[in-house]
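Trainee: Okay, here's the structure, questions in a sec.
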Amino acid sequence: MAIDEKVPARPIDFEEDVIQRRPVTTQTGLGSADPTSPTPGVLANDDNIVFTTVSNLVNWARSRSPWPLGYGLACCAIEMMAASMSHHDTARFGMEVFRSSPRQADVMIVAGTVTHKMAPRLRRLYEQMPEPKWVIAMGNCASSGGEFWDSYATLQGVDTIVPVDVYVAGCPPRPEALLEGLLRLREKIAKGG
């Protein structure tokens, strides 16, 4: 073939030239169908089209940015504070800052021993939070009274005054346990709970 000789033009075959030459990748949604979808109702295929409902999309967005109201009452509060420091970094999960007002929060983390005297105040803060709202009971004292279970002043679990979504066990639980509880809460929120 000479330099000035042109190659004969042929019509483009879509099936052979485009579809067969598409690169296959292992990234989700780019080269092959998803084996499992992280959020129910959301499907991504190789055409990069997502089918979902508005409620699933809103639940997914809510699960990625929980705004906590820190309600630290005892030694568990120190572990809750440690979870938000740079070593554990709850900012990875969208929890940048603990809110000081219940009107700006959607997750209440009850960390520590709740007494009967403190129970009405906790309930009032819970009622001031906007819907939807979730509660994490952090530590044995918040879950069931802990080592103070036989005291006349201790509430036998915070679930007697507010509905609890996730229980984090331990006395006090490590920051990693709180992060695991936050991940469980994210799963629950994404499923619409």
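The values are calculated or read from the model by the stated rules, or taken from the named source; none is laboratory data. Worth saying up front: this structure is predicted, and the values here are computed from it rather than measured. Because the Cβ atoms are built from the backbone with ideal geometry, glycine has one as well, and the counts that use them run over all protein chains shown. For accessibility, only protein heavy atoms count, side chains too; no ligands or nucleic acids. Shrake-Rupley method; radii C 1.70, N 1.55, O 1.52, S 1.80 Å.
Trainee: Can you give me the ranges of the helices (runs of 4 or more DSSP H) entirely in segment 85-193 with at least 1 residues that are charged (D, E, K, R) and either within 20 Å of the chain's Cα centre (by Cα) or surrounded by fewer than 13 Cβ atoms within 10 Å (Cβ to Cβ) (or both)?
Mentor: By residue number, 119-128, 175-190.
Trainee: Say whether the condition of being assigned to a loop (DSSP other than H, G, I, E, B), within 24 Å of GLU187 (Cα to Cα) and either among the charged types (D, E, K, R) or at pLDDT below 65 (or both) is met by at least one residue in segment 59-68.
Mentor: Yes: segment 59-68 contains one or more residues that are assigned to a loop (DSSP other than H, G, I, E, B), within 24 Å of GLU187 (Cα to Cα) and either among the charged types (D, E, K, R) or at pLDDT below 65 (or both).
Trainee: Given the options SER55, SER32, name the one that is outside any strand (DSSP E or B), of a type in the set (S, T, N, Q) and at pLDDT below 80.
Mentor: Of SER55, SER32, the one residue that is outside any strand (DSSP E or B), of a type in the set (S, T, N, Q) and at pLDDT below 80 is SER32.
Trainee: Restricting the search to segment 130-168, which residues are among the aliphatic types (A, V, I, L, M) and at pLDDT 90 or above?
Mentor: If the condition is that a residue be among the aliphatic types (A, V, I, L, M) and at pLDDT 90 or above, then VAL135, ILE136, ALA137, MET138, VAL158, ILE161, VAL162, VAL164, VAL166, VAL168 are the ones that fit.
Trainee: Being in contact with a Ser or Thr (Cβ under 9 Å, 6 or more places away or on another chain), more than 25 Å from LYS191 (Cα to Cα) and either open to solvent by 40 Å² or more (accessible area, probe 1.4 Å) or outside any loop (DSSP other than H, G, I, E, B) (or both): is that true of ALA77 here?
Mentor: Spelling it out, it is not the case that ALA77 is in contact with a Ser or Thr (Cβ under 9 Å, 6 or more places away or on another chain), more than 25 Å from LYS191 (Cα to Cα) and either open to solvent by 40 Å² or more (accessible area, probe 1.4 Å) or outside any loop (DSSP other than H, G, I, E, B) (or both).
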